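Comments concern the structure below.
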Amino acid sequence: MGHLVMSTGSMREAMRLLTAVERTPEQERTLTTVREKCRTVDGRLHSQGVDLEVSVAQALEELLDGTVGAEQGPGYHYALQALISVHFSDTHDLGDWRRRSWFRTVDEEVSRAGVPARLALSRILMSGPPVRLPPAGDSTPWMGTFPTELAAEFVAAHEAVLDRLDPEVRETVEVFLKAIRFEAEEWATAREDGRPGQDTIFFWCA
């Protein structure tokens, strides 16, 4: 399936960069970094023998201009990930996963144990991009988002059922609990200090 990572940040800032009519000097500097990231991804994919019909660099420009012309293509997903990633930090490496369907298996078991469907891992991980993109096709990249303010609720619901889970399922849940628990604590601390917390947890698999 691919390698999965999680990070947190301000989706509002990322979307402002994507939708700005007139960009500030700071946004232009940020966009320079994003463009370089996109060219780097294109180079990496090319070295792996993958040449996209719409390159990541081209996909970024189309997204910024609102001129997306292709009906599908993973380049748009890589481009949006590059744009989002410059506004996000606290990256957690969640490891390699062979198949998406495993997360549905996890959800079935935790659901039977009492975890609400809206906190299901597969629903969160595969919720899709925060803006409309052409489908990626048969390619690997996919993304999901989850409000950071709900991180504590996710942790509490899954921790409550851990001792009732199959060992393999429990091992998967604990991988996510470790990362999301950290973000829940960070969110709570920010609230106590009166600081704006990171608003979104972002998942990316490629």
Subject >> Where Rh is the Kirkwood radius over Cα pairs, Rg/Rh for the range 119-205 >> reply: 1.03
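How big is D for the range 1-111, in µm² s⁻¹ as a whole number, if Stokes-Einstein is applied with the Kirkwood radius of its Cα pairs at 25 °C and 0.890 mPa s? Could the numbers behind the result be given before it?
Details: Rh = 15.7 Å.
The estimated diffusion coefficient comes to 157 µm²/s.
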**OP:** Quick one: go through the range 170-198 and flag any residue whose amide nitrogen is under 16 Å from the point 7 Å out along the Cα-to-Cβ line of L162.
**Re:** 170-185
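Rounded to the nearest whole Å², what accessible area per residue is found for the range 78-206 with the 1.4 Å probe? Please list the in-between numbers first.
Numbers: 6530 Å² over 129 residues.
Ligands and nucleic acids excluded, the result is 51 Å² per residue.
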Original post:
Among S10, A152, W102, whose Cα lies farthest out toward the positive end of the dipole of the chain, if unit charges sit on the beta carbon of Lys, Arg (+1) and Asp, Glu (-1)?
Top reply: W102
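In µm²/s, what is D for the range 24-68 at 10 °C and 1.306 mPa s, where D = kT/(6 pi eta Rh) by Stokes-Einstein and Rh is the Kirkwood radius from Cα pairs?
My calculation gives 142 µm²/s for D.
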Original post:
Normalized C-alpha radius of gyration of the range 88-148, against 2.2 N^0.38 Å?
Top reply: 1.25
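Give me the dipole magnitude in Debye, nearest 20, for the range 63-121 about the Cα centre, with unit charges on the beta carbon: positive for Lys and Arg, negative for Asp and Glu.
Numbers: 6 positive and 8 negative charges, 54 e Å.
About 260 debye.
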Original post:
Going from most exposed to least, what order do L4, L150 have by accessible area with a 1.4 Å probe?
Top reply: L150, L4
Original post:
Amide H to amide H under 5 Å from W142: which residues, 5+ apart in sequence or cross-chain, H placed 1.01 Å off N in plane?
Top reply: C205
Subject >> (1) -0.40; (2) -0.51; (3) -0.46, with the label sought being that of the calculated log10 I(q)/I(0) by the Debye sum over Cα atoms at q = 0.10 Å⁻¹ >> reply: (3)
Subject >> Carbon + sulfur, % of accessible area of the range 104-181 - ligands and nucleic acids excluded, 1.4 Å >> reply: 46 percent
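To the nearest 20 debye, what is the magnitude of the charge dipole of the range 53-206 about its Cα centre, counting +1 on the Cβ of each Lys and Arg and -1 on the Cβ of each Asp and Glu?
On the way: 14 positive and 26 negative charges, 76 e Å.
Computed about the Cα centre, the dipole is about 360 debye.
The values are calculated or read from the model by the stated rules, or taken from the named source; none is laboratory data. A quick note: this is a predicted structure, and the numbers were derived from the prediction, not measured. Cβ coordinates were reconstructed from backbone atoms using ideal geometry, including for glycine residues, and neighbour counts include every protein chain displayed. Ligands, DNA and RNA are excluded from the accessible area calculation, which covers all protein heavy atoms including side chains. Shrake-Rupley method; radii C 1.70, N 1.55, O 1.52, S 1.80 Å.
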